[in-house]
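Colleague: Here you go, one structure.
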Amino acid sequence: MVTEKSAIFIIFGGSGDLAHRKLYPSLFRLYKSGFLKDHFAVIGTARRPWSDDYFRETVITSLKDYFDDDEEIMQGFAKHFFYQSHDVNDSEHYIALKNLAAKLDDQFEAGHNRVYYMAIAPRFFGTVAEHINSEGLKTDGYNRLVIEKPFGRDLDSACELNGNISKAFPENDIYRIDHYLGKKMVQDIPNIRATNAKFEEALNNKYVSNIQVTLAEAIGVEDRGGYYETAGVLRDMVQNHIMQIIGAIASDAPEAKEADVIHKNKCDLFGSLKEMTPEQVDKDFVRGQYDTDKLGNEKAYRQEDKVAEDSNIETYTAGKLEFDSKRWSGVPFYVRSGKRMPGKASRIDIVFNSNVTELGIKANTVVTLLIERTDNHSILINGIDYKESGQDFIKFPEEGDFDNAREAYESLIIDILSGDRVHFTLWDELRSTWKYIDTVEERWADQQPDFPNYISGTMGPDAAEMLLERDGNSWIWD
Ligand code: NAD
């Protein structure tokens with residue numbers, strides 16, 4: 001059932017790419033489905049001196065890339081949009097923002113609720129949060145702060161950022177976005193586990209040989225070379241998205257559906273990540289950087305715009321993670337992510353061993369959860385749709401449920417408006433995952449990689465194959 005929500009959104013970075021490509025289309029879907037109707041307004045802020053009318057035009061133009069609805073519906077939606085020119089360091093501008101928000105709250109009867117959305121460069125997150133607090137923007141309704149990625153680039157910078165925002169907002173009002181947690185399959189994993197008792201019973205070191213998480217892309221860095229040079233795939237994909245996917249599949253099943261209980265289990269899991277020595281990093285983590293393709297048509301990473309000619313940033317990584325826990329000790333979690341791979345893939349492959357015959361499951365069965373599929377053919381058993389596999393130990397909870405599947409951002413915005421923090425990352429989780437990733441980054445910083453080391457359009461460096469072969473395993477997506 002759809003319940004209309006009331007809030008004033010203040011979008012810092014309202015003229016930017018994320019806002020136009022993700023946020024406004026998602027808000028429009030919520031408008032069309034009735035979650036947002038009469039009692040909301042969106043204030044876009046950025047440095048440029050735009051008028052409300054011009055801002056609305058940019059919003060409608062971007063909607064037209066995704067929707068073919070009547071212009072009238074889009075115009076009705078755009079009437080809720082207002083623009084405020086704003087420099088993040090100027091206190092006066094926050095006062096103007098506060099007054100505009102109060103006025104719109106009266107006009108739209110938005111219940112004094114505020115969503116402060118940081119669609120702005122990460123270096124401004126702390127400054128903006130502090131000003132929201134010090135200039136008295138907070139109201140007696142709810143005041144929720146939404147933070148985009150990246151949340152720091154190592155443990156120290158993440159701690160500093162967290163220190164700054166938590167001076168202004170309590171942890172319970174901070175919504176750190178990891179858009180993989182908005183994807184339907186990732187959100188459904190707890191449900192799949194809860195409704196398939198035999199599958200859940202098999203999810204431990206007695207029955208699982210290894211678990212593989214692959215997030216592969218066919219494209220290169222495109223126009224994000226400048227950002228990529230500050231990150232690399234380990235920070236950009238593994239520290240957050242891959243870790244959260246592992247959290248969904250490998251945390252202990254929570255005894256209750258409350259966010260606190262779910263997050264505690266995830267924190268416990270990340271807290272049990274086995275620490276690595278530098279030598280272990282050499283053995284268990286592979287890094288790569290793409291060269292041109294076989295025909296020499298594509299740019300190598302080092303030839304991309306805003307990328308240094310001698311860049312040591314990795315565009316591919318594969319690693320073996322282990323946990324020191326009763327449930328998972330001895331089970332390797334192989335992860336990989338890369339650009340310019342042969343295709344796009346977002347998947348979890350769970351490889352069972354031969355003990356599973358005890359549970360009536362065929363020996364060495366592989367269950368694959370496809371994260372990007374938008375229909376209910378998203379579970380494979382030994383590479384074929386679960387419905388045709390002849391094994392019935394795992395199935396999707398609700399057939400046809402995918403028909404109404406929401407876009408990740410749409411689903412996350414509903415959660416923010418509902419005060420549901422299940423699908424956001426908590427500081428304690430980030431602290432553990434950054435600590436782990438830092439071990440790898442620190443070792444890599446000490447060594448000169450031999451880049452580029454894989455041809456565009458291939459599966460990455462050979463060492464990534466060896467990583468599994470050494471253990472007698474192999475990648476399932478190949
Ligand atoms: P962008 O460069 O397109 O937009 C940045 C916005 O910030 C613009 O509206 C700009 O006017 C505003 N801005 C810049 N300096 C300012 C200042 N001093 N005062 C006030 N406003 C200022 O960037 P983007 O791609 O939209 O990314 C925004 C945030 O979202 C970043 O933190 C990014 O890491 C994150 N993010 C973006 C994407 C994406 O797909 N674009 C995906 C994930 C996360």
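Colleague: Given the conditions (1) away from the ligand (no atom under 16 Å from the Cβ); (2) out of contact with any helix residue (DSSP H, G or I) (no Cβ under 8 Å at 6 or more places or on another chain); (3) assigned by TED's automatic domain parsing to the domain that holds Gly111, and given that Met1 satisfies all but one, which numbered condition is not satisfied?
Modeller: The single condition Met1 does not satisfy is (3).
Colleague: Let me ask something additional. What are the residues in the range 25-35 that are hydrophobic (A, V, I, L, M, F, W, C) and either touching a residue at least 60 places away in the same chain (Cβ under 8 Å) or on the phi > 0 side of the Ramachandran plot (or both), if any?
Modeller: Those that are hydrophobic (A, V, I, L, M, F, W, C) and either touching a residue at least 60 places away in the same chain (Cβ under 8 Å) or on the phi > 0 side of the Ramachandran plot (or both): Leu27, Leu30, Phe35.
Colleague: Within the range 312-333, which residues are part of a loop (DSSP other than H, G, I, E, B) and of a type in the set (S, T, N, Q)?
Modeller: Within the range 312-333, Asn312, Thr315, Ser325, Ser329 qualify.
Colleague: Give me a count of the residues in the range 173-216 that are of a type in the set (Asp, Glu) and over 30 Å from Asn162 (Cβ atoms).
Modeller: Of the residues in that region, 2 qualify.
Colleague: Just give me the residues in the range 148-176 being closer than 19 Å to Thr127 by Cβ and of a type in the set (A, V, I, L, M), in sequence order.
Modeller: Within the range 148-176, Ala158, Leu161, Ile165, Ala168, Ile174 meet the criteria.
Colleague: Could you pull out the residue among Ala202, Ala197, Ala218 that is surrounded by 20 or more Cβ atoms within 10 Å (Cβ to Cβ), among the small types (Gly, Ala, Ser) and more than 25 Å from Leu412 (Cβ to Cβ)?
Modeller: Of Ala202, Ala197, Ala218, the one residue that is surrounded by 20 or more Cβ atoms within 10 Å (Cβ to Cβ), among the small types (Gly, Ala, Ser) and more than 25 Å from Leu412 (Cβ to Cβ) is Ala202.
Colleague: Restricting the range 112-127 to residues that are outside any loop (DSSP other than H, G, I, E, B) and within 25 Å of His39 (Cβ to Cβ), which is nearest to the ligand (Cβ to nearest atom)?
Modeller: Here the residue is Met118.
Colleague: Also: Residues Ala308, Ala248, Ala253: which one is at pLDDT below 95 and either within 23 Å of Leu426 (Cβ to Cβ) or assigned by TED's automatic domain parsing to the domain that holds Ile350 (or both)? Before the answer, list the steps.
Modeller: Values: Ala308 fails: at pLDDT below 95; Ala248 fails: at pLDDT below 95.
When all the criteria are applied, what remains is Ala253.
Colleague: How about the range 227-278: which of its residues are among the acidic types (Asp, Glu) and over 21 Å from Lys320 (Cα atoms)? Even if it seems obvious, please write down each step before you answer.
Modeller: Initial filter on the range 227-278 (among the acidic types (Asp, Glu)): 229, 236, 252, 255, 258, 260, 268, 275.
Listed by number, the residues that qualify are Glu229, Glu255, Glu258, Asp260.
Colleague: Another one. What are the pairs, 6+ residues apart or on separate chains, where a residue within the range 11-24 that is within 14 Å of Thr61 (Cβ to Cβ) and of a type in the set (Phe, Trp, Tyr) has its Cβ under 6 Å from a residue that is at pLDDT 95 or above and more than 6 Å from the ligand (Cβ to nearest atom)?
Modeller: Qualifying pairs under 6 Å: Tyr24/Val59; Tyr24/Ser62.
Colleague: Six or more apart or on different chains, Cβ under 7 Å: which pairs go from a residue in the range 298-319 that's on the phi < 0 side of the Ramachandran plot to one that's assigned to a loop (DSSP other than H, G, I, E, B) and hydroxyl-bearing (Ser, Thr, Tyr)? Could you list them?
Modeller: Going by the 7 Å Cβ cut-off, the qualifying pairs are Tyr301/Ser311; Tyr301/Thr315; Arg302/Ser311.
Colleague: Here's another thing I want to ask about it. Being out of contact with any helix residue (DSSP H, G or I) (no Cβ under 8 Å at 6 or more places or on another chain), assigned to a loop (DSSP other than H, G, I, E, B) and of a type outside the set (A, V, I, L, M) is the filter here; which residues of the range 288-311 pass it?
Modeller: Of everything in the range 288-311, those that are out of contact with any helix residue (DSSP H, G or I) (no Cβ under 8 Å at 6 or more places or on another chain), assigned to a loop (DSSP other than H, G, I, E, B) and of a type outside the set (A, V, I, L, M) turn out to be Lys294, Gly296, Asn297, Glu298, Lys299.
Colleague: Turning to a different aspect of this structure: Test Asp223 against the criterion of being of a type in the set (Asp, Glu) and surrounded by fewer than 21 Cβ atoms within 10 Å (Cβ to Cβ), and give yes or no.
Modeller: Numbers: of a type in the set (Asp, Glu): yes; surrounded by fewer than 21 Cβ atoms within 10 Å (Cβ to Cβ): yes.
It is true that Asp223 is of a type in the set (Asp, Glu) and surrounded by fewer than 21 Cβ atoms within 10 Å (Cβ to Cβ).
Colleague: A further question on this structure: How many residues, within the range 258-276, are without any contact (Cβ under 8 Å) to a residue 60 or more places away in the chain and over 21 Å from the mean Cα position of the chain (by Cα)? Give the steps one after another, and end with the answer.
Modeller: First, pick out the residues of the range 258-276 that are without any contact (Cβ under 8 Å) to a residue 60 or more places away in the chain: 258, 260-261, 264-265, 268-269, 272, 274.
Those left that are additionally over 21 Å from the mean Cα position of the chain (by Cα): 272, 274.
Within the range 258-276, residues that are without any contact (Cβ under 8 Å) to a residue 60 or more places away in the chain and over 21 Å from the mean Cα position of the chain (by Cα) number 2.
Yes/no matrix, rows are residues, columns are (1) among the hydroxyl-bearing types (Ser, Thr, Tyr); (2) surrounded by fewer than 22 Cβ atoms within 10 Å (Cβ to Cβ); (3) within 16 Å of the ligand (Cβ to nearest atom):
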residue	(1), (2), (3)
Ile132	no, no, yes
Glu135	no, yes, yes
Gly141	no, yes, no
Pro150	no, yes, yes
Asp156	no, yes, no
Gly163	no, yes, no
Glu171	no, yes, no
Ile177	no, no, yes
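Colleague: When the range 242-287 is examined, which residues are found to be touching a strand residue (DSSP E or B) at 6+ places or on another chain (Cβ under 8 Å), part of a helix (DSSP H, G or I) and of a type outside the set (A, V, I, L, M)?
Modeller: Answer for the range 242-287, where residues must be touching a strand residue (DSSP E or B) at 6+ places or on another chain (Cβ under 8 Å), part of a helix (DSSP H, G or I) and of a type outside the set (A, V, I, L, M): Gln244, Asp284.
Colleague: Hey, could you check the range 12-64 for residues that are farther than 22 Å from Lys103 by Cα and among the β-branched types (Val, Ile, Thr) and say which is farthest from the ligand (Cβ to nearest atom)?
Modeller: Top of the filtered list is Ile60.
Colleague: Hey, another quick one. Which of (1) in a strand (DSSP E or B); (2) of a type in the set (A, V, I, L, M, F, W, C); (3) within 13 Å of the ligand (Cβ to nearest atom); (4) more than 28 Å from the chain's Cα centre (by Cα) is the odd one out, the single condition Phe82 does not satisfy?
Modeller: (3)
Colleague: So which residues in the range 1-44 are in a loop (DSSP other than H, G, I, E, B) and buried (at least 21 other Cβ atoms within 10 Å of the Cβ)?
Modeller: Listed by number, the residues that qualify are Lys5, Gly13, Gly14, Leu36.
Colleague: Please go through the range 334-379 and pick out each residue that is in a strand (DSSP E or B), surrounded by 21 or more Cβ atoms within 10 Å (Cβ to Cβ) and among the hydrophobic types (A, V, I, L, M, F, W, C).
Modeller: Those that are in a strand (DSSP E or B), surrounded by 21 or more Cβ atoms within 10 Å (Cβ to Cβ) and among the hydrophobic types (A, V, I, L, M, F, W, C): Val335, Ile348, Ile350, Phe352, Val367, Leu369, Ile379.
The values are calculated or read from the model by the stated rules, or taken from the named source; none is laboratory data. This structure is a prediction, so every number in the text was calculated from the model and none was measured. Here Cβ is always computed from backbone atoms with ideal geometry, including for glycine, and neighbour counts include all displayed protein chains.
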